[in-house]
Amino acid sequence: MTDDGLPSAPSAHQRSGPDRLGPPMGGPAQELIDSGFALENADAPLLHSGLNLADIAHVIDLHERRVIPRPAAGRLMEVLLKAVHTSPEDFPYDPAYGEPYNSRERHFTEQIGDDAGWLHAGRPRREAVRIALRLHVRAVLEDLVEDAAGLAHAIAVLAGRHSRTWLPDQTYLQHAQPSTFGHYLVSFAYPILRDAERLMDALTWVNTSPGGAGCVNGSRLLADRNRVADLMGFDGFIEHTRDAMWQIDGLIATLSHASSLLTTQSKLAEDLEIWASNEFDYVTIADGYSRSSVLMPQKRNPYALSIIRGAAGTMIGRLTGFLAVSKSPSARSDNLIYAYGEIPRALDLAGRTTRLTGGVIRSLTVNADKMWAALESGFSQATDLAEFVMQTCQVDYRTAYQVIGIAVREASREGLRGIDLDGTRLEAAARQYAGISLGLEGRDLSEILDPRRIVETRTLSGGAAPPVVEEMAADCAEKAESLRDRAKARREAFERAEAALVAEAEKFVIEAAEAAEVRETAEVAEAVERENDAGS
């Protein structure tokens, strides 16, 4: 069969035996129906709206180029408008008839006969489906960008509120240096915004039309490909006709950016799950995002965080799976058959997960007293103290590092804290390590050791000083709002273009009906005139 489902003539050089290129002896095998065609028809609800719009634009283009007669175009447009107003669940998609395009053709043919065949002119079935995929993905992708911008904004707002919520920042789950919860949070707002911008770039790729590409080398029926692109609100068309039919690099990039977006959220969720434990108690996940144990009364599980982490793993798997099926030779269907369902569903998962993370952040309770108690009880001042010794006592940093390390170990054995260190202890450590005096005997180091003072010194760009954090948080919030506005503007443009296309189809049907009525009236008048002439 040809790509359009029509019988092909057997090759003159074809060997004897069952035809490889000729018409099939019967219908598809049940195993093929249950596997391949059932798989593709399961994706029909995702493509239904886009297929209708692609068909309408094609009919308009064909009619304007005088390829299809107006009466046939009018009848075809009528059934397409019925399909527009029919839900995918009510449309007769049936794997027994093949892929969704075949079901559509069968349904249209049952209604208007051979006039349905005009849809094949200058266009293989894959072109309609490629367009439908892009129309659906651009809508889902725009939603995801909005969701990501909303999450970044929520994180930025929370960060601004906690620019002075003192926190022992951690590496390897160990106290590193004094910081604030706000500074920690902003470190997630930035990558989320970057991924959202990358998704906007991917949206630019998605919103280009493969229309008018023909099979691989174009069509002599459609010399200009701009009209179809304009009708559906595309920014333009894909230049190379073969590339237009088979390119997948943009889909890979889209999945990759969405996977990165969820991976960032997974990191945040893993941290929050640890910090929500009784051992830390830094944060409390709201009841609406938690689940109680049915067996253990004391347990309150942060269930939403598990969903976020699992979704990130699922996205990584989908990206890997799509890469695996995409390495086929060029001009093969297998790398896109799966894309019709996998890409939209993956982006939908990313959107639902991003909205979930946003809900967790907006409802999060921050236990500032617990964070301060942990910071006060540890030794996160050690780096700053070593730098103080290096600068004040004129020793190299390695020596200062070793001296502070010895003093910290001794204090920890005695059950003391970082703020309990003093000059006398440092002198003892210096004698133990190098037999030297630092000149700090009896020195009060409380101001040097105050974690809050340490954080306030971090005034460099990107640092943890509260004014710097507040500035970064405000910057992220502003960028998120701008990005959300841009995404909304794109969505509104898409919706206007699609509504205008349907309106043009409705106008076409009305005008076709009026033209048919005029023709019918003229034909009746001519018949009457002929009868009168015959009678006279």
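Net charge around GLU410, counting only other residues with Cβ within less than 13 Å of its Cβ (Lys, Arg = +1; Asp, Glu = -1)?
So the environment of GLU410 carries a net charge of +1.
Scaled against 2.2 N^0.38 Å for its residue count N, the alpha carbon radius of gyration of the chain is 1.41.
Counting only C-alpha contacts under 8 Å and six or more residues apart, can you give the relative contact order of segment 30-123 as a whole percent? Worked out over segment 30-123, it gives 36 percent.
For LYS370, a cut-off of 28 angstrom between C-alpha atoms picks up these lysines, skipping any fewer than 8 places away in its own chain: LYS267, LYS299.
Electrostatic bookkeeping for VAL206 treats Lys and Arg as +1 and Asp and Glu as -1; over the other residues with beta carbon under 14 Å from its beta carbon, the sum is +1. With 0.36 nm allotted per residue and the present C-alpha distance subtracted, the SER306-SER461 stretch has 52.4 nm of extension available.
What do you get for the angle between helix 466-535 and the principal long axis of the chain? Use alpha-carbon atoms, 0 to 90 degrees, nearest ten. It works out to around 10 degrees. Placing unit charges on the Cβ atoms of the charged side chains and taking the dipole of the chain about its Cα centre, the candidate lying farthest along the positive direction among THR208, VAL67, GLY310 is GLY310. Please compute the net charge surrounding ARG65, taking Lys and Arg as +1 and Asp and Glu as -1 over other residues with Cβ under 14 Å from its Cβ. With Lys, Arg at +1 and Asp, Glu at -1, the neighbours total +3.
Can you list which of the trypsin sites (Lys or Arg not before Pro) found in segment 58-98 are DSSP loop residues with at most 11 other C-beta atoms within 10 Å?
Details: sites: ARG65, ARG66, ARG75, LYS82; in loops: ARG65, ARG66.
Those satisfying the criteria are ARG66.
Here the Karplus curve 6.51 cos²θ - 1.76 cosθ + 1.60, taken at θ = phi - 60°, turns the phi angles of segment 375-382 into couplings of 5, 5, 7, x, 10, 5, 7, 4 Hz, with x standing for Gly and Pro. Computed extension gain for TYR397 through ARG70, at 0.36 nm per residue and net of the alpha carbon distance, reaches 109.1 nm.
Once the convex hull of the alpha carbons of segment 44-147 is built, what does its volume come to per residue, in cubic angstrom?
Given the Cα convex hull of segment 44-147, per-residue volume reads 105 Å³.
In this simple spin-label approximation, ASP369 and ALA286 carry label points 7 Å from Cα along the Cα→Cβ vector, and these lie 2.3 nm apart. Cross-link partners for LYS479 among the lysines, with Cα-Cα distance under 17 Å and sequence neighbours closer than 8 places in the same chain left out: LYS488. For ASP444 and ASP201, the FRET efficiency from 1/(1 + (r/R0)^6), where r spans their Cβ atoms and R0 equals 56 Å, is about 0.50. Taking R0 as 60 Å, what's the FRET efficiency between ALA38 and SER437 from their Cβ-Cβ distance, rounded to 0.05? After rounding, the FRET efficiency stands at 0.10.
Annotation: aspartates and glutamates with alpha-carbon distance below 13 angstrom to LYS507 (same-chain offsets under eight excluded): GLU78.
Loop only by DSSP, 16 or fewer other Cβ within 10 Å of the Cβ. Give me the GluC sites (Glu not before Pro) in segment 354-441 that pass, ordered by residue number.
Passing both the DSSP loop test and the Cβ count: GLU414, GLU441.
In the chain, taking the dipole from charged Cβ atoms about the Cα centre, the farthest positive-side position among LEU460, LEU262, ALA38 is held by LEU460. FRET efficiency for LYS488 and SER377, Cβ-Cβ distance as r, R0 = 51 Å, nearest 0.05? Efficiency, rounded to the nearest 0.05: 0.60.
Annotation note: trypsin sites (Lys or Arg not before Pro) in segment 434-493 located in DSSP loop regions with a Cβ neighbour count of at most 15 within 10 Å are ARG443. Peptide packing for 318-330, 494-506, 247-259 was compared via the average number of neighbouring C-beta atoms within 10 Å per residue; ordered from the highest value, the list is 247-259, 494-506, 318-330. Between ASP114 and GLU89, the distance separating the two model label sites (each 7 Å from Cα on the Cα→Cβ line) works out to 3.9 nm. Counting only alpha carbon atoms, the long axis of helix 249-275 and the longest principal axis of the chain meet at about 30°.
Only Cα pairs under 8 Å and 6+ residues apart enter the sum, and on that basis the relative contact order of the chain stands at 19 percent.
None of the figures in this text is laboratory data; all of them are computed from the coordinates on show. If you're wondering where the values come from, they're calculated on a predicted model, not measured in any experiment. Neighbour counts are summed over all protein chains in view; Cβ atoms, including those assigned to glycine, are modelled from backbone coordinates with ideal geometry.
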